[in-house]
1. Kirkwood Rh over Cα pairs of region 149-211 into Stokes-Einstein at 4 °C, 1.567 mPa s: D in µm²/s?
2. List the pairs from K37/K172; K53/K172; K92/K257; K92/K222; K121/K172 whose alpha-carbon separation is above 32 Å, in the order I gave them.
3. Could you order peptides 35-48, 172-185 by the average number of other Cβ atoms within 10 Å of their residues, highest first?
4. Volume per residue, Å³, of the convex hull around the alpha-carbon atoms of region 54-171?
5. For the chain, modelled as a GNM with alpha-carbon contacts under 10 angstrom, which of M225, M98, M248 fluctuates the most?
6. Might you report the magnitude of the Cβ-based charge dipole of the chain about its Cα centre, with Lys and Arg at +1 and Asp and Glu at -1, to the nearest 20 debye?
7. What is the distance, in nm, between label points placed 7 Å from the Cα along the Cα-to-Cβ direction at D32 and at D2?
8. In µm²/s, what is D for the chain at 4 °C and 1.567 mPa s, where D = kT/(6 pi eta Rh) by Stokes-Einstein and Rh is the Kirkwood radius from Cα pairs?
Amino acid sequence: MDLPIYQVDAFTNRAFTGNPAAVMPLESWLPDELMQKIAAENNLAETAFFVPKGDEFHIRWFTPTVEVELCGHATLASAYVITRYLQPHRQKMTFDSMSGPLIVTRKDDKLSLDFPRLSLKPADHKIDAVAACLSHRPVSVFNSDDYIAYFAVFDDEATVRAIVPDMLAMTKLDKDVVVTARGDTVDFVSRFFAPLHGIPEDPVTGSMHCVLTPYWAECLGKTHMHARQVSARGGDLWVELQPERVIMSGYGVCVLKGTMTVD
């Protein structure tokens, strides 16, 4: 069978930057094993699959090696495909997911994702283990019971940009690692190393901003912020902290439309 597939660069308005995600709209679910094989074949950080569910959609996300519970950039990419190609007059959609309902709204070319706010707690007992995986020692380390990474805080943007991760050492941790600092021209910057999920460095990660947004809102004393992920590809998010939710907004660019043939 031939299945439609799109590739969208998320959290950017320029092709070949941001975070590329594969998006595959389906009429009904494929077997899990087949979806995992498709994600491995795509060899992108995430492949999103969604099926209609009444007026809503049910969405799932796969890295090349595992299914994940929450993914921001592939949700934005899926909303981009729906609003540009499948239902171009649509301005709002709800995705049912493993992390609950995720609402995405479109205003002009910008898409806004309504995601859960995730908590953070000090984890300085992990600072030596995390520092051993990085070329620079963090000032502090935090953990979230609801997220797949430790959060290492540094003094400045230049240090975050200069960090060289030791991927082999990182695979011995029980979680991946996010590094973050105040930004020079934006409110805060970050990078995300995720070898435990088959991704050495994720170009732009929406989901981790569910944790970073409340952290930096408290540090900076503001609820509306401009964030930048300073990976090689780079990307920008505009985030807003709400009592129980985080709103993250950004752009998308489609770079590929086609079909995948699956036996």
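Only the coordinates and a few stated rules stand behind these numbers; no lab work does. Everything quoted here is computed from the prediction, not taken from an experiment. Neighbour counts are summed over all protein chains in view; Cβ atoms, including those assigned to glycine, are modelled from backbone coordinates with ideal geometry.
1. Details: Rh = 12.0 Å.
The calculation lands on 108 µm²/s.
2. On the way: K37/K172 26 Å; K53/K172 40 Å; K92/K257 23 Å; K92/K222 27 Å; K121/K172 22 Å.
In this structure, K53/K172 lie more than 32 Å apart at Cα.
3. Ranked by mean Cβ neighbours within 10 Å, highest first: 35-48, 172-185.
4. Values: hull volume 17.4 nm³, N = 118.
Expressed per residue, the convex hull around the Cα atoms of region 54-171 is 148 Å³.
5. Top of the fluctuation ranking is M98.
6. Numbers: 24 positive and 34 negative charges, 117 e Å.
That gives a dipole near 560 debye.
7. The two pseudo-label positions are separated by 3.1 nm.
8. Details: Rh = 18.5 Å.
For the chosen part, D equals 70 µm²/s.
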